[in-house]
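Everything on this sheet refers to the single structure shown next.
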Amino acid sequence: MSPADSISPLPAAVPAVAQPRLLVLDTATEVVHLALVLGDQVQALEVGGGAQASSTTLPALQKLVADAGLSWSELDAIAFGRGPGAFTGLRTACSLAQGLALAADCPVISLDTLMAVAEDARQSDPAAWSEGDTLWVAQDARMGELYVAAYRWQGTHWQADTEPRLWALGVPRDRWAEAPGLHRVAGNALLAHPLAFEGLTQATWPQAAPRGAALATLARQAWARGELLDAALALPLYVRDKVAQTTAERLAAKRL
């Protein structure tokens, strides 16, 4: 459990707004996914991520707000993807969410990046889902590892069956090969490491990502549940202690 999850929400600190204005960002992957939620309407935007995230994200957010004719003070909350994902990307998302929320004098909403991938998969193929269906999300974590979590569709929202964790590439085969039935899997690990999932899947959504529309849905649901945090609690979800390989490890990986 992340520190932010252990903090009680602050519904009394925020007026009850049925149609909130929410600014949403996720910088955990190679593409920065952004959205502006205005009640039932969503304006989504994608910009370059990775090393560019710190320089591209703020101008893109400013454009979303300006194009909607809003001022920062009119926002009801800033929602951010807490991860798991790239270390630098998570730091960028948290620092931006904190700074913008303090400037706008509004709370933050912490979102599960892998759940956003699940929601994007559902939105891309809504007819494929029935209540009770389970989806595994697997994102490439580099260094021969995966960010993995399982979510169950409850008819209107996702429920986490397992919390995000770090798996070695061989773990899906070890854990799923003897399990009854095949699995539904979404995420870019299907493209980055196809052999890790060969023969284990019933249906896949390899292009699923924490896109703006999916983030907007999660943010709107979190707002309705009153899951609002003080800006100081915009904290990342790290599931890996080691964030980089040594030179020797990188050279060894190239020889494989």
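The values are calculated or read from the model by the stated rules, or taken from the named source; none is laboratory data. Source: prediction; values computed, not measured. Every residue, glycine as well, gets a Cβ built from its backbone with ideal geometry; the counts of neighbours run over all protein chains shown. Note: areas computed on protein heavy atoms with side chains; ligands, DNA, RNA excluded. Shrake-Rupley method; radii C 1.70, N 1.55, O 1.52, S 1.80 Å.
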Practice item. Being among the small types (G, A, S) and free of Cβ contacts under 8 Å to residues at least 40 places away in the same chain is the filter; apply it to the range 35-54 and report the residue that is nearest to L23 (Cα to Cα). Key: G39
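Listed residues L200, L190; which is of a type in the set (A, V, I, L, M) and in contact with a His (Cβ under 8 Å, 6 or more places away or on another chain)?
Values: L190 fails: in contact with a His (Cβ under 8 Å, 6 or more places away or on another chain).
Going through L200, L190 in turn, the sole match is L200.
Each row is one residue, and each column tells you yes or no for (1) crowded, with 19+ Cβ neighbours inside 10 Å; (2) under 18 Å from the mean Cα position of the chain (by Cα); (3) closer than 19 Å to A232 by Cα.
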residue: L34; (1), (2), (3): yes, yes, no
residue: A53; (1), (2), (3): yes, yes, no
residue: D67; (1), (2), (3): no, no, no
residue: G89; (1), (2), (3): yes, yes, yes
residue: A97; (1), (2), (3): yes, yes, yes
residue: L102; (1), (2), (3): no, no, yes
residue: P107; (1), (2), (3): yes, no, yes
residue: S110; (1), (2), (3): yes, yes, yes
residue: V117; (1), (2), (3): yes, yes, no
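So, in the range 110-150, how many residues would count as being part of a strand (DSSP E or B), farther than 19 Å from G212 by Cβ and not β-branched (V, I, T)? Can you show your working first?
The initial filter retains those residues of the range 110-150 that are part of a strand (DSSP E or B), namely 110-111, 134-140, 145-150.
From what's left, farther than 19 Å from G212 by Cβ: 134-136, 138, 140, 145-150.
From what's left, not β-branched (V, I, T): 135-136, 138, 140, 145-147, 149-150.
Residues flagged as part of a strand (DSSP E or B), farther than 19 Å from G212 by Cβ and not β-branched (V, I, T) within the range 110-150 amount to 9.
I'd like the full set of residues that are of a type in the set (D, E, K, R), out of contact with any Pro (no Cβ under 8 Å at 6 or more places or on another chain) and surrounded by 14 or more Cβ atoms within 10 Å (Cβ to Cβ), limited to the range 119-141.
Of the residues in the range 119-141, the ones of a type in the set (D, E, K, R) are 119-120, 122, 125, 131, 133, 140.
Still in the list and also out of contact with any Pro (no Cβ under 8 Å at 6 or more places or on another chain): 119, 122, 125, 131, 133, 140.
Once the filter is applied, which keeps residues that are of a type in the set (D, E, K, R), out of contact with any Pro (no Cβ under 8 Å at 6 or more places or on another chain) and surrounded by 14 or more Cβ atoms within 10 Å (Cβ to Cβ), the range 119-141 yields E119, R122, D133, D140.
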Review point. Does at least one position in the range 162-184 carry a residue that is in contact with a strand residue (DSSP E or B) (Cβ under 6 Å, 6 or more places away or on another chain) and of a type in the set (D, E)?
Key: no
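Just to be sure, is A77 open to solvent by 20 Å² or more (accessible area, probe 1.4 Å), within 20 Å of the chain's Cα centre (by Cα) and at pLDDT 95 or above? Give the steps one after another, and end with the answer.
Details: open to solvent by 20 Å² or more (accessible area, probe 1.4 Å): no; within 20 Å of the chain's Cα centre (by Cα): yes; at pLDDT 95 or above: yes.
When the stated conditions are applied, A77 does not pass them.
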